[in-house]
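To start, the structure itself, in structure tokens.
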Amino acid sequence: MLNLEIIKKSTILPLLILFLILNIASRQDGATNEMSRFATMRAMAEQGTFKINDYVDWTIDWSQTPDGNYYSNKSPGAMFMAMPVFFILDYFAKFDRKQKFKNGLKTSKVTSTPRVVISLIFQIIPFLIITLLLYEWSKDIPNGMNPSYYSLLFGALAILYGNTASQFMNFYFGHGLTAHLLMFMAYFVLKKRYGLVGLFFGFSLLNDYSVALFLPALLWWIISTEKNIYWIKDFVIGGIFPGVLWVWYHTACFGSPFKIPNMFQNPLFQDVTHEEKNLWGIFSLGVSHTNFVKLLFGAERGILFTNPWILITIAQGAYLALRKKLNQTETQLYIFSVSSFILLLIMNAQFGGWHGGGTSGPRYLSIIFPLLAFASIFLFEKSGTIGKTLFALGLAVSVAFRALVYGSRATALNGQDLWPYLYSDMLSKESYKGVTKFSLFLITLMIATYISIYLYKRNKKSTQSQSLNG
């Protein structure tokens, strides 16, 4: 997959290193969302249970079953994956004199250090690895795709700095985790490693129930690639382990593998119970055109104001496909990514909490954004001057918004128009800290991009020189 030599020679290494540094330097707080997961891990570590009865005061993100027990209202993938590391970190926390104990249990909330370490291990580093893997795959691929360096650079910037999912990587919301799991899944589809496809699809589903919507498109992608059905065996075997974890958790907590925490949601979040047609009090079964418009074009959480290059990707991809300028692999990647996005959009629009609460962007849609960014590489490559200009402008807005989030916060209050709210928040920070972070983000990103371009030109010149000498 990757070796040290490939990493050293990668022209996007400066962008990867900067992403790592910026995320470590700026600690984000996932608040009640994040604490819901850590409460479960604390219960698992201390009591060997999924019940968070003794830690429920940490969070409002809980589900309560008819027997009166409390559980996280989150899907369990992030908890299962981080549990071994959390267990070690939490063990050493008992020596912290600031920890509070009650009946032998640590009742103090998990401190920032374990939260940062877990996000680093399970989100930031894997995200960088899969970005590099996809980038290197794209440089030398079949079917004559082979995009130019500047198309690849566009994709790398969109993946790392131009979408909502990337700003969730340094706190344990779970959306960043799902995003990179889906990227690994897509990578192994392209590599035809179907056991790993099943494994990563299984864990992405275990971590985000909405991933179930992607299964038909995923199966279509594989079937349209393979001439036989032997891949099914590997796919199923790969999904067995996350499948076993699914059955265990949901049966232990909710009495059946077919019951999920959404069915027992905290009444605080059951905000569509007033509607005659609803599901579990959280999903409206009516058609909400207003939420569709808000998610696509609204100033509060809309893609137009946060990730505008996505709208260009969808439109330009359709245009190129209709003109038959996309090959099979490009078409498959585009259809999978866009159809997954559309299904997420439909689901999100029906959700009472469509806005995602305190987040700086369309939170529930974000898990598919990095894959759309990967698909945009090939669309950018085949676009004309106008198309490439639109892509560049859309990415510029997204990067500027990301800088604003870095200078303010990734958890904007619900009901706020994001740009003015985050701008005011940035200016309100003492000692110009927010403005400094905003400026530092943009300056260092420009430097890293310049170095990346320099490395590309140097490598190109070296290759041409060796070719002439040969």
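The values are calculated or read from the model by the stated rules, or taken from the named source; none is laboratory data. Computed from a predicted structure; not experimentally measured. When we count neighbours, we look across all protein chains shown, and the Cβ atoms used for this are built from the backbone with ideal geometry, even at glycine. Accessible surface areas use protein heavy atoms only, side chains included; no ligands, DNA or RNA. Shrake-Rupley method; radii C 1.70, N 1.55, O 1.52, S 1.80 Å.
Structure summary
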{"quantity": "Lysines whose Cα lies under 18 Å from that of residue 461, excluding same-chain neighbours fewer than 8 positions away", "calculated": "8, 9, 139"}
{"quantity": "Longest site-free stretch - the chain; sites: chymotrypsin sites (Phe, Trp or Tyr not before Pro), DSSP loop, at most 11 other Cβ within 10 Å", "calculated": "259-470"}
{"quantity": "Pairs from 51/74; 109/437; 192/233; 324/388; 227/382; 192/382 whose Cα-Cα separation, in the structure shown, is over 23 Å", "calculated": "109/437; 227/382; 192/382"}
{"quantity": "Gyration tensor (alpha-carbon) shape descriptor, region 188-341, a/c threshold 1.5", "calculated": "oblate"}
{"quantity": "Fraction of accessible area attributable to carbon and sulfur, region 147-188 (%, probe 1.4 Å)", "calculated": "76"}
{"quantity": "15 Å beta-carbon shell around residue 79, net charge (K/R +1, D/E -1)", "calculated": "0"}
{"quantity": "Residue 148/residue 111 FRET efficiency (R0 60 Å; Cβ-Cβ; nearest 0.05)", "calculated": "0.80"}
{"quantity": "Cα pair distances in region 312-470, grouped into 10 Å bins until the bin that holds the longest one, percent each", "calculated": "9, 25, 30, 24, 8, 3, 0"}
{"quantity": "Longest segment of the chain lacking trypsin sites (Lys or Arg not before Pro) that sit in a DSSP loop with at most 11 other Cβ atoms within 10 Å", "calculated": "325-470"}
{"quantity": "Carbon plus sulfur fraction of accessible area for region 248-297, probe 1.4 Å, in percent", "calculated": "63"}
{"quantity": "Probe 1.4 Å, protein heavy atoms only - accessible area per residue of the chain in square angstrom", "calculated": "44"}
{"quantity": "Apportionment of accessible area to carbon and sulfur, region 328-470, percent (1.4 Å)", "calculated": "63"}
{"quantity": "For residue 279, net neighbour charge (Lys/Arg +1, Asp/Glu -1) across residues whose Cβ lies under 15 Å away", "calculated": "-1"}
{"quantity": "Counted charge near residue 395, where neighbours are those whose Cβ lies closer than 11 Å (Asp, Glu -1; Lys, Arg +1)", "calculated": "+2"}
{"quantity": "Full-extension gain in nm, residue 413 to residue 139, via 0.36 nm per residue minus C-alpha separation", "calculated": "94.6 nm"}
